[in-house]
Every structure is written in C-alpha cells, then in structure tokens.
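The values are calculated or read from the model by the stated rules, or taken from the named source; none is laboratory data. Worth saying up front: this structure is predicted, and the values here are computed from it rather than measured. All Cβ positions, glycine included, derive from the backbone under ideal geometry; neighbour counts span all protein chains shown.
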Amino acid sequence: MGATGLVGGHVLDLLLASPGYARVSVIGRRGLEREHPRLVQHVVDMNRMAEHAEWFAVDDVFCCLGTTIAAAGSQEAFRRVDHDYVVQCAQLAAQGGAARYLLVSAAGANARSRVFYNRTKGEAEDEVRATTIPGVTLLRPSLLLGERTEHRPGEALAQRVAPVLNPLMVGPLRRYRGVDARVVAKAMVRLAAEEPRGVRVVESEEIQELGGA
C-alpha cells in the first residue's frame, strides 16, 4: 500500500529484487508504469477496498500510505488516508490471514496527543494493534528525506535545512533527525525478514540503524 509514495516506491524496489517473495501485489488508486514477472497491480477506489478482500490474502503487508493536511485539503481528508485506509487495510489483511503488518507511522504518534496529526497517527496505530495479525511493526520515522513526485512546499524547505541541522541533533534529539526514505524502506524490509511476532514500535533512531544510515 502506498507504492507510489516516497517510502513505498523504495520498498517496492526492494521487494521485487528479493527472492523471498513469489508475488508482490500493489493496491492503489492509480497504476504504476512498470512491469515485473512477480508484480501484480490492483487499481481501486480506496473507499471500496472491502469489495476486494481476496487481494489482502497475503503473508506480509507493507503499508506506506500517508499524506499531509495541506496536500489532502482538510483534516477530514487527511484522516481518511492516514487513519481510515490504514486501519481498513489491516482489518482486511487480518481476515485474509496475513502474518505480518508493517506500517510507516510518524515520530510523535500518540492517540492522546493534542496535536491532530500526531493523534491521528496514534489512533491508527492503536487500531492496527487491535487486529488479529500475529506480527505488527510500527515504524516512526522523523522528517522523511528524498525526492517526491508531488510538491510539498513545507517539506521541501525542511529538507533543505535538514543536512545542516542533523549533525547538531545529538542525544535525545537524535530521534528527530531527518531520515532518508531509502533508509526507512531498507529497515522495513529487514524487519519483515525477521518474521516478527507481537507488536514492535521502531523509533526513528533505530530505523536509521536498521536501514544502514
């Protein structure tokens, strides 16, 4: 999920290069301009995912869905993507017998936060935890660095200053260093290969270590 996004695109590259997966299915609202013998693409109205429950009968789910309030246009539209679709995907995967669900969440995710963004991310995490999927991994990267296909002015500015600020962020502040999307993708795929069980929360500094930053 989210294969057209910054992290999701790198995750897809890694999965298609891995001999560990016989089939890699992409579910999204638009198709990708690429072909691969093991790639299966499903284009769907995201509000109608439940009509295609059979697509979610997989082993591992890599959920990289995410937007911003500015890009979505409203808090309601943002929540639909970062909460509703994320949770429904997990619920359908649980029904399909998925063994693992790996979610790109965000640093500061907390269902009790007063900040709408963090609260929405935290509520999504809690509902994913509540499913029957045996292994749930929640990755909480800080600012994602990399070239996006969509223009996000605020993030573009932050990415320009991140290389300057990152070396200054030490100790507890290391968690908030910007992290390259490729590093997040590598960490995500590595964690899946460990066949985790239970719930694991992976904060940004650990993501950088696992992804080889």
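If the condition is being closer than 24 Å to Ile27 by Cα, among the hydrophobic types (A, V, I, L, M, F, W, C) and touching a helix residue (DSSP H, G or I) at 6+ places or on another chain (Cβ under 7 Å), then the range 99-131 contributes Leu102, Leu103, Val104, Ala106, Ala124, Val128. Across the range 46-70, the number of residues qualifying as surrounded by 16 or more Cβ atoms within 10 Å (Cβ to Cβ) and under 26 Å from Ala107 (Cα atoms) comes to 10.
Among residues that are touching a Lys or Arg at 6+ places or on another chain (Cβ under 8 Å), modelled with pLDDT of 95 or more and either among the β-branched types (Val, Ile, Thr) or closer than 17 Å to Met188 by Cα (or both), Asp59 is included.
Taking first residues from the range 60-72 that are closer than 17 Å to Gly9 by Cβ and touching a residue at least 40 places away in the same chain (Cβ under 8 Å) and partners that are assigned to a loop (DSSP other than H, G, I, E, B) and among the acidic types (Asp, Glu), the Cβ contacts under 7 Å between residues at least 6 apart in sequence or on separate chains come to Ala71/Glu150.
Being touching a Gly at 6+ places or on another chain (Cβ under 8 Å) and of a type in the set (A, V, I, L, M, F, W, C) is not true of Cys89.
Only residues that are modelled with pLDDT of 95 or more and not in a strand (DSSP E or B) were counted across the range 23-35, and they come to 1. Residue count for the range 1-25 under the criterion of being free of Cβ contacts under 8 Å to residues at least 24 places away in the same chain and touching a His at 6+ places or on another chain (Cβ under 8 Å): the result is 2. With (1) within 16 Å of Gly5 (Cβ to Cβ); (2) crowded, with 18+ Cβ neighbours inside 10 Å as the list, and Ala94 as the residue in question, which single condition is left unmet? Here Ala94 clears every test but (1). The requirement of being more than 17 Å from Thr67 (Cβ to Cβ), within 15 Å of the chain's Cα centre (by Cα) and either modelled with pLDDT of 95 or more or not aliphatic (A, V, I, L, M) (or both) is not satisfied by Val104.
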